[in-house]
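Data first, discussion second: the structure below is written as structure tokens.
No lab work stands behind these numbers, since they all come straight from the coordinates. Everything numeric here is computed off the predicted structure, so don't read it as measured data. Here the Cβ is made from the backbone with ideal geometry for all residues, glycine too, and neighbour counts use every protein chain on show.
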Amino acid sequence: MAKRDFYEILGVAKGASEDEIKKSYRKLAMKYHPDRNPDNKEAEEKFKEVKEAYEMLTNPEKREAYDRYGHAGVDPNSGMGGGFGGGAGGFGDAFGDIFGDIFGGGRGGRGGGPQVYRGADLRYNLEITLEQAAHGFDTTIRVPSWDKCDTCHGSGAKPGTQPVTCTTCAGHGQVRMQQGFFSIQQTCPKCHGSGKIIPEPCAACGGAGRIKRNKTLEVKIPAGIDNGMRIRSSGNGEPGTNGGPPGDLYVEIHIKQHAVFQREGDDLHCEMPISFSKAALGGEIEVPTLTGKVSFTVPEGTQTGKTFRLKGKGIKNVRSGYTGDLFCHVAVETPVKLTDKQKELLREFDRLTSEGGSKHSPQSKGWMDKVKDFFE
Ligand SMILES: [Zn+2]
Ligand SMILES: [Zn+2]
């Protein structure tokens, strides 16, 4: 079944602000809330739909992915052609700065009982070369993972002790507050929604019940990937709380500057210096491409700025499979450090071309005419 557009579900415009989204969500959530529509399947479906749209559009990462790729960008079953292999667990070393950048908070679930939060998403910045981006490659990355604490077996309580039911919320994880005419349900401030209090936290995990470690993930970078694109690894983000689902891991691609080529979408550009005599006489030249050298013939009288397009020598688009072109921009090089003999030949050459008048240098002629008009 085709999914409805998230913006349409919430009845907001595509560029809607977070405030607008929140406002619209609150209105719709009130309307379809199961408490107000008991045994109404249709309302329940609508409520779920509204909730999903809201969660997607208020998570900046997900919203961006959705705006760019539609449902495919946020659907856990479609991964942009890239993929992850199984992780081989690893332990020990400290986490690098790359994980200093942790974003996206968990979103609370509704209803009675402990608040369930989805884990935060993680971003991993992966720097690759243009060649790797063009051809695709497999690599491994080290990412954090969380294991159940061996000491307390995940309870977070010091061995020999037990978590106790929170007295503030009586274990519901939520408290009702009276505000004017409304009764509002809130996450319990004492137990933060878990419904339990740990009187003596486990020393090994500080009461979290889990311990952060490292694991190795295999990442398949698809050919044609571009700067700023992300590959998602579902469920490899931070773990959720109170049994909530884990967040996702996003591998963000950063392509290093290339010595020869500049990339523009699927096309490549390069500057191609050719000698003054080659430009005048024409002839065969060799140009580099990402798949090896190719040669082609520049015509007689080639000028600086002239662009040659080599069809299909660009980069294959990661989605469409269409291959871009390579544009070679000619830069005629003025010869330097000439010997006396070379200078003599050039003077002779200059004398002969001057005799031929303006036909050898139409650009200069046109320019001189304009200058003359300007002064008269
Ligand atoms: Zn522990
Ligand atoms: Zn509580």
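Observations
- Failed condition for residue 188, given (1) surrounded by 15 or more Cβ atoms within 10 Å (Cβ to Cβ); (2) within 16 Å of ligand 1 (Cβ to nearest atom): (2)
- For first residues located in segment 337-363 and over 13 Å from residue 280 (Cβ atoms), partners that are assigned to a helix (DSSP H, G or I) and lie 6+ apart or on another chain with Cβ distances below 8 Å form the pairs 338/346; 358/364; 358/365.
- Of everything in segment 130-185 that is charged (D, E, K, R) and within 16 Å of ligand 1 (Cβ to nearest atom), the residue that is farthest from residue 268 (Cα to Cα) is 158.
Matching residues to (1) under 28 Å from residue 214 (Cβ atoms); (2) surrounded by fewer than 14 Cβ atoms within 10 Å (Cβ to Cβ):
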position	(1), (2)
124	yes, no
134	no, no
147	yes, no
156	yes, no
164	no, yes
170	no, yes
176	no, yes
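- Residue match in segment 293-308 (condition: more than 30 Å from residue 359 (Cα to Cα), of a type outside the set (Ser, Thr, Tyr) and part of a loop (DSSP other than H, G, I, E, B)): no
- Residue in segment 194-204 that is more than 36 Å from the chain's Cα centre (by Cα), at positive phi, touching a residue at least 12 places away in the same chain (Cβ under 8 Å) and within 16 Å of ligand 2 (Cβ to nearest atom) present: yes
- Being closer than 30 Å to residue 329 by Cα and either within 16 Å of ligand 1 (Cβ to nearest atom) or part of a loop (DSSP other than H, G, I, E, B) (or both) holds for only one residue in 258, 269, and it is 258.
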